[in-house]
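Before any comments, here is the structure.
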Amino acid sequence: MRKNTFLLAMVALFTFVFAANAQTTQKIGYVDAAYIVPQLPEAKAANADLAAYSKKLQEDLAAKQAEFKTKYDKYTKDAATMPDISRQSMEKDLSNLQQGLQEFQQSAEEAVQKKQMAMMNPILKKVEDAIKAVAKEGGYTYILKKEALLYEPEDKSGDISDMVIKKLGVTPSAVKTPVVPKGK
């Protein structure tokens, strides 16, 4: 009797272990956002708008720099023959212009960053929602960023980037171009 009880308990234990193992099978995928985002039409449009905005600010900065250079050149040419009060006034004006240039440049950089965030955040949210939908449909337990991978199978079997792009209604490009960090 004890032998049968023990045998029954072992069978129940093995059944429980195998059932638990079957339930905890995890499917892991990854995405390459640097590949996905540039393919989206709205990201292309946002980048074009941002480039135009940035160009306008650079033109404004160049005009201010030209004004400063003109006044500085006049100062260096005439400083030796100017009365002290005129020279001091011009030095003060040049100092104020230089400070204004620095403030404008800093404000312009902040404005570009703020505009970029405002334009890209809805796009990134849309990509995130598509990733979640693909993960749910595909039965994935975890989705990682490609940058976080220490190992990637040669067949890239866990890469769901193309599925996400299709979910967003875009045909994926045939070739994945590697993103090379600037300065390298």
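We did not get these values from a lab; they are worked out from the coordinates using the rules stated. Predicted, not measured: the structure shown is a model, and the values here were computed from it. Cβ atoms come from the backbone with ideal geometry, glycine included; neighbour counts cover every protein chain shown.
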- Message: Neighbour counts of other C-beta atoms within 10 Å: give me GLU42, GLU154, GLU109 arranged from fewest to most.
- Response: GLU154, GLU109, GLU42
- Task: Return the tail of the calculated pair distribution for segment 27-167, meaning the percent of Cα-Cα pairs more than 19 Å apart.
- Result: 67 percent
- Taking the Cβ of each residue in ASP84, ASP129 as the centre, tally the other Cβ atoms inside 10 Å and list the residues starting with the fewest. ASP84, ASP129
- Note on the structure: Whole-number value, in Å³ per residue, for the convex hull of the alpha carbons of segment 43-115 is 58 Å³
